Each structure stands twice: as structure tokens, then as C-alpha cells.
1. Evaluate segment 162-177: report whether one residue or more is at pLDDT 95 or above, of a type in the set (A, V, I, L, M) and in contact with a strand residue (DSSP E or B) (Cβ under 7 Å, 6 or more places away or on another chain).
2. Exactly one condition in (1) surrounded by 12 or more Cβ atoms within 10 Å (Cβ to Cβ); (2) at pLDDT 95 or above is false for C26; which is it?
3. Kindly indicate the residue of segment 85-108 that is touching a strand residue (DSSP E or B) at 6+ places or on another chain (Cβ under 8 Å) and either of a type in the set (V, I, T) or surrounded by fewer than 22 Cβ atoms within 10 Å (Cβ to Cβ) (or both) and also nearest to I59 (Cα to Cα) among those meeting that condition.
4. Only one residue in G215, G146 is at pLDDT 95 or above, within 30 Å of N85 (Cβ to Cβ) and over 14 Å from the mean Cα position of the chain (by Cα), so which one is that?
5. Would you confirm whether any residue within segment 67-77 is among the basic types (K, R) and at pLDDT below 95?
6. When segment 193-218 is examined, which residues are found to be in a loop (DSSP other than H, G, I, E, B) and closer than 21 Å to P54 by Cβ?
7. Which residues, taken from segment 63-76, are crowded, with 22+ Cβ neighbours inside 10 Å and under 30 Å from C26 (Cβ atoms)?
Amino acid sequence: MKILKSIKEYIDSFLYLFYPELCIVCNKNDREVNDTFCLECYSELPFTNQTTIPKNQFIQHFEGKIKIEHGAALFYFVKQGIVQNIIQNLKYNDKPQYGVKMGEIFGYSIKDNSYFLNIDMIVPVPLFKSKETARGYNQSLKFAEGISKVTSIPIVKNNLIRIRHTDTQTKMNRVQRLENLYDAFSVLEPKTFENKHILIVDDVLTTGATLLECGNQIMKVKKTKISMATIAMGQQMS
């Protein structure tokens, strides 16, 4: 096995000389950060730096709606910006690895972070089965996989499920999204979540309707606590 591994590493190194892996944003420079970004693009990423802020913008968005222990987005979402490019590739251009990589970066930001201690499991926001089949994967699960890889927090999927198809929410306001998502999710086995601190993860926080409905379903289970995380969030929340 060691010999085969050495041969593979040699071949990979040889191929890299002629076909270096390029930054996922600019597609010009070599990947130097987390095997994902070049230094130039990484320096331009709009990090929120929310993971160590006790009352950040992410948490404030849910005040009076649901109790969360902590919450954070990795990046701010800016139209036509770097993060929009990452999200679009993740969701629509068959780039599931982008979700994993963003999860790894987020994972390093919460590892040994007191605000995210004692989380028992990561639960990705589920897609409706037909949509997941069409896409080939759940982008939120990919984000969860990256976080789990770094933190070793286990992922629990298929316990929070989406029980009905919902219309696309791109052009909906917050009230319309809440109505669209009402009772769209369900918990299959409540005992799996009982007495647990659960990190719910999604790709983007816009109005927060999806995370709110998922959180409401989980909080119906006895003695549960929830935190939340997303890859991105808008700078001006509606």
C-alpha cells in the first residue's frame, strides 16, 4: 500500500508540473490556501469573522423568532462578487467539492472556539428528494462534510427531512418564504435529537425562513439546543 501511495504521489507531483490546480475563483493562479484559493483571491474574500462575536448580525437576525445558542456565516454575500461565484458553482455547476472546502475553512474557525463547544451533531438543511436527485447532491450536506472533517463533529442526515416540494424562493419576500416553507420539514426520529445541541447548516442566509422552519421543527424535540451556520449571508438582511 505504501508503495502504491508513493507512486500516486509521484505521478500527482509530475502532473502538477504541467497541469497545476488553479484557484477556483480566478482560474489563473495556483491554489495556495486550503488547496482552494490563490493568495490574491483569498485576501479579497469578504469574511464576516462572526464566529467569535457573541451578538453578531447573524444572531440578531433571529432575535425574537427563535432561540439559538450561536450562529455565524463564513462570508458576506455580494452580488457579482467572489462569493456569489462560489455559491453558483456549488449549486448549479456540479462543484460539490466547493461546499466541502468552504466547510473546512469554517471548521477551522470554530475548532476550539468556546462559542461552538459542546455541539453534538451537524444537521444539513435537506433538499426535496427530486431536487437532490436532479442536482446529484445536497450542497448543505457538502458544507457539513467539510466542517465535520475538521472538527470531527458527526453529521446526522435523513432525520430532519423535507416532506413536500416548495416553490423556488428567489423572488419571494420574507413573508412569502415563511408561507412557502410552513410545515415543509419534519423530524423522523425525535429521540435522535433529544437532549442534543445541534448545528444546523445551510448554504446562504437571506431572509432566514428556511433555517427558521428547520429550527422550529427541531426545537419541538425535548431539551434540544440549536446553533446555525451558513457559507454566506447578505450584508443587509431583510
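The values are calculated or read from the model by the stated rules, or taken from the named source; none is laboratory data. Note that the structure is predicted; figures quoted are calculated from it, not measured. No Cβ is skipped: glycine too gets one built from the backbone with ideal geometry, and neighbour counts run over all protein chains shown.
1. The answer is no; no qualifying residue exists.
2. (2)
3. I105
4. G215
5. Scanning segment 67-77 turns up no residue that is among the basic types (K, R) and at pLDDT below 95.
6. Matches in segment 193-218: G208 only.
7. The answer is A72, A73, L74, F75.
Residues are listed down the side, and each one gets a yes or a no for (1) over 18 Å from Y108 (Cβ atoms); (2) outside any loop (DSSP other than H, G, I, E, B):
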residue	(1), (2)
C26	yes, no
L45	no, no
N49	no, no
I59	yes, yes
E63	yes, no
I66	yes, no
E69	yes, no
F75	no, yes
